[in-house]
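The structure under discussion appears below in the form of structure tokens.
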Amino acid sequence: MTYEALPPMSRELHLAAYPDDEVTPEHFRLTETELSDPDDGKVVVRNLWMSLGAVYRDQMIPDTDLPIPVFRPGQPMWGRTVGTVVRSNSPELAVGDLVEHFYGWREYATGYAQEFFRRDAGLLPAPEYFLAQGPTAWRGMVDMAEVGEGDTVFVSGATSGVGSLAGQLAKLRGAKRVIGSTGSKAKIGYLVDELGFDAAFDYHDGPVVDRLMELAPDGIDVFFDNVGGDQFEAAVAAAARGARFALCGALAGQLGDDAGGRPRLDLMTAYPKELVLRPFATLHSPDQIADWNEHFGRWLREERIVFPHTAVEGGIPALAENFIALLNRRYSGTVVARLT
Ligand SMILES: NC(=O)c1ccc[n+]([C@@H]2O[C@H](COP(=O)([O-])OP(=O)(O)OC[C@H]3O[C@@H](n4cnc5c(N)ncnc54)[C@H](OP(=O)(O)O)[C@@H]3O)[C@@H](O)[C@H]2O)c1
């Protein structure tokens with residue numbers, strides 16, 4: 001077997017410093033590390049794609065409450081990535097295997113074989129599809145909110161990677177009406193024309209509660225919240241009796257002002273409506289991932305779902321810029337960045 005040539009060096013991005021406020025290219029440092037054949041039990045992987053998301057902004061804060069490790073200045077960053085094994089010194093993985101792992105923000109990853117999870121390349125249309133946020137969308141919409149036939153559903157942050165799948169899952173499970181909030185006219189069109197949402201609105205267009213009262217006059221049965229802030233408060237006001245809330249994220253706090261992550265809960269409204277509030281944090285288990293990939297592949301083949309994503313090019317040199325563009329709301333769906 002002829003192996004593809006291994007370059008002598010691999011480029012990677014390190015965190016240079018914690019940002020106080022706005023993230024700029026100066027908060028990242030592009031470095032190079034030497035590449036060599038792997039030691040016993042290790043493999044070398046050429047990274048194809050990594051996903052970018054708002055959560056990386058939280059990981060640039062040293063003392064967050066996130067249940068996952070944060071980034072450290074002077075160290076390489078990490079993130080969900082797919083790549084191809086190009087050298088193996090382990091019986092567990094072979095050259096050519098497609099793997100998912102967490103050694104992102106770099107062109108090549110070297111590590112023990114157990115840190116890389118083999119994926120069946122034939123299951124999904126392309127490697128970057130394995131980076132979909134499906135397990136989170138499924139856990140919130142199905143396990144937490146128990147969405148079903150006839151529900152009126154509101155998804156905040158509906159063009160985010162998670163939200164754009166959560167809304168489609170609600171339709172797949174028989175929801176009567178799915179409403180999404182987003183930040184621009186173009187993104188409203190995307191939700192309704194391409195993802196099958198029944199209605200969408202721009203959260204900049206006046207009070208969110210007014211939009212919800214217009215679009216769901218009988219109330220919301222399910223709320224999948226990616227945003228927090230005034231969108232959470234509006235959903236409480238517009239909820240139907242017994243509404244189920246899957247509380248997934250707080251984009252208005254992560255990417256907006258801090259208050260967005262700390263909305264007020266109007267108990268005088270919540271009690272009489274008997275709202276069910278279920279915050280959740282998904283640490284994807286191998287079973288959840290396998291189950292999602294299998295369902296996702298089938299639904300894609302049956303054309304019952306699409307993978308909402310934006311692919312960004314330019315490799316490691318453009319990665320910081322692309323991440324900053326995500327923070328500035330330029331993209332829709334899961335953002336996948338080509339690494340090599
Ligand atoms: N609970 C869990 O287990 C779990 C797992 C994964 C992710 N999450 C959380 O779920 C949320 C969505 O994650 P993601 O990776 O899908 O997000 P993402 O794709 O990174 O979302 C980016 C989008 O967020 C929207 N946004 C930015 N600032 C906003 C603001 N101030 N108010 C409202 N929307 C804003 C923008 O769209 P617009 O143009 O529409 O504003 C932007 O395009 C995040 O809060 C993430 O941390 C939770």
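The values are calculated or read from the model by the stated rules, or taken from the named source; none is laboratory data. Computed from a predicted structure; not experimentally measured. In this analysis, Cβ positions are derived from the backbone assuming ideal geometry, glycine residues included, and neighbour counts consider all displayed protein chains. For the accessible areas, the whole protein counts, side chains as well, though only heavy atoms, and no ligand, DNA or RNA atoms are used. Shrake-Rupley method; radii C 1.70, N 1.55, O 1.52, S 1.80 Å.
How many nm is it between the label spots at A311 and D205, if each spot is 7 Å from the Cα in line with the beta carbon?
3.2 nm
Counting only residues 5 or more places away or on other chains, whose amide H sits under 5 Å from the amide H of F280 once H atoms are built in the peptide plane?
L247
Quick one: grab the alpha carbon gyration tensor of the stretch 169-211, order the square roots of its eigenvalues as a ≥ b ≥ c, and give me rounded if a/c is under 1.5, else prolate or oblate depending on whether a/b is larger than b/c. Please report the intermediate quantities before stating the final value.
Numbers: a/c = 3.30, a/b = 1.52, b/c = 2.17.
Here the stretch 169-211 falls in the oblate category.
Rank G167, G134, G260 by mean-square fluctuation in a GNM of the chain with C-alpha springs under 10 angstrom and give only the top-ranked residue.
In this elastic network of the chain, the residue with the biggest mean-square fluctuation among G167, G134, G260 is G260.
What value, in deg cm²/dmol to 500, does the helix sum -39500 (n - 2.57) over DSSP H runs of n ≥ 4 give at 222 nm once divided by the residues of the chain? Mind showing how you got there, number by number?
On the way: 10 runs with 84 residues, N = 340.
Result for the chain, helices only: -7000 deg cm²/dmol.
From the backbone phi of the stretch 318-330, what are the Karplus-calculated ³J(HN,Hα) couplings (6.51 cos²θ - 1.76 cosθ + 1.60, θ = phi - 60°) in whole Hz, Gly and Pro given as x?
9, 5, 4, 4, 5, 5, 5, 5, 4, 4, 8, 6, 6
Between E22 and L172, what is the spin-label point distance in nm, taking each point 7 Å from the Cα along the Cα→C-beta axis?
The answer from the label model is 3.9 nm.
Under a 5 Å amide H to amide H cut-off, with H placed in plane at 1.01 Å, what residues pair with L48 once short-range neighbours are removed?
Here V82, G83, T84 satisfy the definition.
Give the residue list of GluC sites (Glu not before Pro) in the stretch 121-198 that are DSSP loop and have at most 10 other beta-carbon atoms within 10 angstrom.
Answer in residue order: E149.
Taking 22 Å as R0, compute the FRET efficiency from the Cβ-Cβ separation of A186 and A126 and round it to 0.05.
On the way: r = 25 Å, r/R0 = 1.12.
Given R0 = 22 Å and the Cβ-Cβ separation, E is 0.35.
Quick one: Karplus J couplings for the stretch 248-261, per residue in order, coefficients 6.51, -1.76, 1.60, θ = phi - 60°, nearest Hz, x for Gly and Pro?
9, x, 9, 3, 5, x, 6, 10, x, 8, 4, 4, x, x
Show me, for the stretch 230-240, the HN-Hα J-couplings you get by feeding each phi into the Karplus relation (A = 6.51, B = -1.76, C = 1.60, θ = phi - 60°), rounded to Hz, glycine and proline as x.
Couplings: 5, 6, 5, 4, 5, 5, 4, 5, 9, 6, 7 Hz.
Given the options E100, E12, E303, which has the most mean-square fluctuation in a GNM of the chain, springs set between C-alpha atoms less than 10 angstrom apart?
E303
Along the charge dipole of the chain, Cβ charges K/R +1 and D/E -1, which of G256, W105, A238 sits furthest on the positive end?
It is A238.
If I ignore ligands, DNA and RNA and count only protein heavy atoms, how much of S51 is accessible to a 1.4 Å probe, in Å² to the nearest 10?
10 Å²
Under 5 Å between amide hydrogens, which residues at least 5 positions from A200 or on another chain qualify, with H placed 1.01 Å from N in the peptide plane?
Here G180 satisfy the definition.
Report the FRET efficiency, 1/(1 + (r/R0)^6), for E146 and Q114, where r is their Cβ-Cβ distance and R0 is 41 Å, rounded to 0.05. Intermediate results must be reported in sequence, preceding the final value.
Working: r = 35 Å, r/R0 = 0.86.
Efficiency, rounded to the nearest 0.05: 0.70.
So which aspartates and glutamates pass the test for K176, namely a Cα distance under 18 Å, with those fewer than 8 places away in the same chain ruled out?
E146, E149, D151, D193, E194, D198, E214, D218, D221
Per residue, how much accessible area does the chain have with a 1.4 Å probe, in Å²? All intermediate terms of the calculation are to be shown ahead of the outcome.
Details: 15410 Å² over 340 residues.
Normalised by residue count, the accessible surface of the chain is 45 Å².
Kindly rank 329-339, 244-254 from highest to lowest mean number of other beta carbons found within 10 Å of each residue.
Numbers: 329-339: 22.1, 244-254: 24.0.
Sorting 329-339, 244-254 by mean packing, highest first, produces 244-254, 329-339.
How much of the accessible area of the chain, in percent, comes from carbon and sulfur atoms when a 1.4 Å probe is used? Walk me through the numbers before you get to the answer.
Working: 7640 of 15410 Å².
Its accessible area is 50 percent carbon and sulfur atoms.
Which distance in nm do the two modelled labels at A290 and T33 give, with both placed 7 Å along the Cα-to-Cβ direction?
3.0 nm
Between R278 and R72, what length in nm is gained on full extension when 0.36 nm per residue of separation is reduced by their alpha carbon distance?
Values: separation 206, 0.36 × 206 = 74.16 nm, distance 3.13 nm.
Result for the pair: 71.0 nm of gain on full extension.
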